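Below: one structure, written as structure tokens.
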Amino acid sequence: MDDMRPYSTSTEPLSANSFFRTRQIPDVPEDVDFMMEHLNDPNFDLKRPMLPTVNSGSGSFEMHEKKLFYEHSEADTESQFDRYSTSRTESRNSAAIEFDDESPYPEVRAAVASVDDPLMPVNTFRMWFLGIIFTILISGLNQVFSMRYPSVFITGIVVQLISLPAGKLLELILPTTRFNSFGYTWSLNPGPFSIKEHVCITVMSNVVVSGAYASDIILTQKLFFGQPVSFGYQILVVLSTQILGFSLGGVLRQFVVWPSSMIWPGALVNSALFNTLHKNFGKRDRGHMTRERFFLIAMVCSFVWYWVPGYLFTALSVFNWICWIAPKNAVVNILFGTSSGLGMSVLTFDWSMIAFIGSPLVTPWWSELNTATSFIVVFWILAPILYFTNSFNSAYFPVSAFTSWDNTGQPYDASKIIGTDGLFNQQAYSEYSPLFMSITLVLAYAVAFAAFSSVFVHTFLWFRRDIARRFKTSLKDERDIHSRLMQAYPEVPLWWYGIVFIIALLFLLVAIEIGKTHLPIWAALIAFGLAAILSLPISMLMAITNQQIPLQVMHELVGGYMLPGKPVATVLFKTIAYIGTNQAVAFAGDLKLGHYMKIPPRIMFSCQIVASVIACFVFTGVQEWMLSNVVDICTPDQKNGFICPSSNIMAQSILIWGGIGPKRMFSPGSPYSPILWFFLIGAILPIPFYFLAKRFPLSFWRYVNVPVMFAGLGAIPPASGINYISWALTGFIFNYLIRRYHFRWWMRYNYILSAALDAGVALGAILVFFCLLYPRGGIELNWWGNTVWMNTADAMGATLYVINPEEPIGPKSWS
């Protein structure tokens, strides 16, 4: 009977054969039943039993038979070295320890291999050469595209696809000669191009895809306020704001990277695609298509289909079909329009519209249901009630728009109230007009207030014990297979992050002093403090739900009250706080991807820092060149479409929060003060759902997530119902119906399909843009399918009421 025991006592010797078993690259694991003991993890189904675990005695055991060279296999990721430590803090007081032999999450098991080869080349010349080349190209091209409307961005998935054949090419042409430098042997071509090199190249591109947020501040200072700014100031501001948030990554590791419960759905998609491209799932099984073939077919179909809604029949993209029936009816266009309406037309046939707020195949269904429910309540029930009762004088303007207006219905002219010194002019404001917003923009600010307060209450209720416990943990305390495999690599010491923080902070303080920002140093430190405080709850929410809280509005509110009448200082305060948190979350997400793909943490750290520094110079240089060489840039009538849309939005933000200020807009007695109640709503709502979930742990109450409800609405405007409802319906089909009734298909293909659809649309959009729309003014198809949606009141900004030019709306006096 002793031979049947599932454990070993602390006094019995462990043998390698009893502790290790032959590990295979997973296809679809058989052990699909699982359970989780923690109620605060909605990604676990508590109604199912827990997965079997591997038990071991205390102490540490390590295999001694290691292969000292790297051999290429067909899979390119097969493990030839399987090492993991069983050392845990609790082993001092326990005779038997449970270890997860596979991840308890089917999403993770479907996308991530639970094997590793630490001898696989990663820190190679090929990786750095391709990574730097793609960093320069992506950051430069996307900076150009960001100043144009309509635009197309080269996403990380394009680099993910292109860098593989580029790496294989270097594998063929580079010499294999070995060099010895300072005792270190290296080669330009150490062997087959590995999946780990591929991951690092893609991560370097992902770091720079979204551009530099601070570049819009510089553009606004130069063009909208007429302030001269030096190149040195531009570099320091961009560098400091982009790098500062990385210093928080070291603190976040033990909370959102090492724990297996922090699954990071976005990282799973990348992991699935990497493994598919490198044939990581072994031999083909009978009865189903290989993942490689499925990806190629789905990508080609997505690419071909994009030409229909993206160029040939653009009405299928916005698909406001009810507005085609009554193109001049204001009420119909307000409710069913997609350009300036509420989007009750529901459907779209364009994947880029469906995935506008994120891929619905990636976000868990319970999270999508939270977001869809709150969208219907806030924007399809509350918004029409407020609009048709003319609350906040909103019926005189389009129901959904991100611009602002004066009391005559014209776009608000910021130059009339903000001088060239960058300061607010009170007298000019009193002589001009108060500011008016669309009802969806008002509600977007309201839900942002609610999201901010709810995330603190939710985090305290659900995760306070986990957070307190993890302050004392290390990587060796983690039980899942991926954390044990990562123990083969040295972690990044905290002092590395400390050096990054000190350098970035010094750059920031110097930039503040040499530029005309009017931002006190104490305010900059408070902004970074906010970023540090918020980075943990925001990253935890992102890791579990794939949703991020829109914090810009809250930072603008705080900055506007702290720095009244100083628009540049306010927006710089927001940038430090927002980008600090955003970069910390992005850094943690990439660390999780490296955790899944078994990238040495110090290599991952170096890749991100190097890519960020290079990109900052590229962003600044390209923008400076554009301003000097493109005629009429950032003007509404620029002939090539370089109207700088994001910079115009930034200017609106500066106008509302830094110029006029939140005191005149939202304080008690001001026009939009009622939405301050959403702070209280956001703080109270998580409490009853928490106690309901505790009382009924197997009910749907545990899936109610109030921060996700509010945070998921951050894309409105310009997003509308056609984006949200199509996104939710697609998520319901794949992440509920197919996952529930065709689970093996979902595990095998779901994330691959998401990556293929994104890749096809990205390639199609680039080809359409460069081949048809951009050269020589573009080639347009002028027929009914491309014009019917534009010849509607929706496209023209339908309003319920019309302003009489001789009778401006709103108060007769203001200050």
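The values are calculated or read from the model by the stated rules, or taken from the named source; none is laboratory data. Just so you know, these numbers come straight off a predicted model, no measurement behind them. Counting neighbours? That spans all protein chains shown, and the Cβs are built from the backbone with ideal geometry, glycine included. Side chains included, ligands, DNA and RNA excluded: accessible areas come from the protein's heavy atoms. Shrake-Rupley method; radii C 1.70, N 1.55, O 1.52, S 1.80 Å.
Taking the condition under 24 Å from GLU107 (Cα atoms) and in contact (Cβ under 8 Å) with a residue 24 or more places away in the chain, does ILE217 pass?
Criteria not met by ILE217.
Please go through the range 124-166 and give me each residue that is of a type outside the set (Gly, Ala, Ser), farther than 24 Å from LEU772 by Cβ, modelled with pLDDT under 90 and open to solvent by 10 Å² or more (accessible area, probe 1.4 Å), ordered by number.
Selection gives LEU164, PRO165.
So ALA383 passes all but one of these: (1) assigned to a loop (DSSP other than H, G, I, E, B); (2) open to solvent by less than 10 Å² (accessible area, probe 1.4 Å). Which condition number does it fail?
Here ALA383 meets the rest and fails (1).
Kindly provide the set of residues from the range 459-491 that are modelled with pLDDT under 65 and in contact with a Lys or Arg (Cβ under 6 Å, 6 or more places away or on another chain), ordered by number.
Residue satisfying the conditions is ASP477 alone.
Kindly indicate which of PRO718, PRO674 is open to solvent by 50 Å² or more (accessible area, probe 1.4 Å) and either without any contact (Cβ under 8 Å) to a residue 24 or more places away in the chain or touching a strand residue (DSSP E or B) at 6+ places or on another chain (Cβ under 8 Å) (or both).
Criteria check complete, one pass: PRO674.
One line per residue, one yes/no per condition, for (1) part of a helix (DSSP H, G or I); (2) open to solvent by less than 20 Å² (accessible area, probe 1.4 Å); (3) in contact with a Pro (Cβ under 7 Å, 6 or more places away or on another chain); (4) not hydroxyl-bearing (Ser, Thr, Tyr):
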{"site": "ILE201", "(1), (2), (3), (4)": "yes, yes, no, yes"}
{"site": "ASP216", "(1), (2), (3), (4)": "yes, no, no, yes"}
{"site": "GLN227", "(1), (2), (3), (4)": "no, yes, no, yes"}
{"site": "GLN242", "(1), (2), (3), (4)": "yes, yes, no, yes"}
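Among the residues that make up the range 268-282, is at least one of them modelled with pLDDT of 80 or more, of a type in the set (Phe, Trp, Tyr) and open to solvent by 20 Å² or more (accessible area, probe 1.4 Å)?
Scanning the range 268-282, I find no residue that is modelled with pLDDT of 80 or more, of a type in the set (Phe, Trp, Tyr) and open to solvent by 20 Å² or more (accessible area, probe 1.4 Å), so the answer is no.
Can you spot a residue in the range 776-789 that is surrounded by 15 or more Cβ atoms within 10 Å (Cβ to Cβ), part of a helix (DSSP H, G or I) and in contact with an Asp or Glu (Cβ under 8 Å, 6 or more places away or on another chain)?
Yes, the conditions are met somewhere in the range 776-789.
Report, by residue number, each residue of the range 558-568 that is part of a helix (DSSP H, G or I) and surrounded by fewer than 24 Cβ atoms within 10 Å (Cβ to Cβ).
Selection gives VAL558, TYR561, MET562.
Any residue in the range 604-626 that is in a loop (DSSP other than H, G, I, E, B), open to solvent by 20 Å² or more (accessible area, probe 1.4 Å), more than 15 Å from ASN206 (Cα to Cα) and modelled with pLDDT under 90?
Among the residues of the range 604-626, not one is in a loop (DSSP other than H, G, I, E, B), open to solvent by 20 Å² or more (accessible area, probe 1.4 Å), more than 15 Å from ASN206 (Cα to Cα) and modelled with pLDDT under 90, which makes the answer no.
Please verify whether the range 732-747 includes one or more residues that are within 30 Å of TRP366 (Cβ to Cβ), in contact with a Lys or Arg (Cβ under 7 Å, 6 or more places away or on another chain), open to solvent by less than 50 Å² (accessible area, probe 1.4 Å) and part of a helix (DSSP H, G or I).
Yes, there is a match, as at least one residue in the range 732-747 is within 30 Å of TRP366 (Cβ to Cβ), in contact with a Lys or Arg (Cβ under 7 Å, 6 or more places away or on another chain), open to solvent by less than 50 Å² (accessible area, probe 1.4 Å) and part of a helix (DSSP H, G or I).
For the list (1) closer than 28 Å to GLY764 by Cα; (2) modelled with pLDDT under 85, I need the number of the one condition that VAL229 fails.
(1)
When you go through (1) under 30 Å from ALA110 (Cβ atoms); (2) of a type outside the set (Phe, Trp, Tyr); (3) surrounded by fewer than 19 Cβ atoms within 10 Å (Cβ to Cβ) one by one for GLY764, which number turns out not to apply?
Result: GLY764 fails condition (3) only.
Just need a number here: residues in the range 514-535 that are open to solvent by 30 Å² or more (accessible area, probe 1.4 Å) and modelled with pLDDT under 85.
3
Please tell me if GLN548 is within 22 Å of SER646 (Cα to Cα) and surrounded by 24 or more Cβ atoms within 10 Å (Cβ to Cβ).
No, not satisfied.
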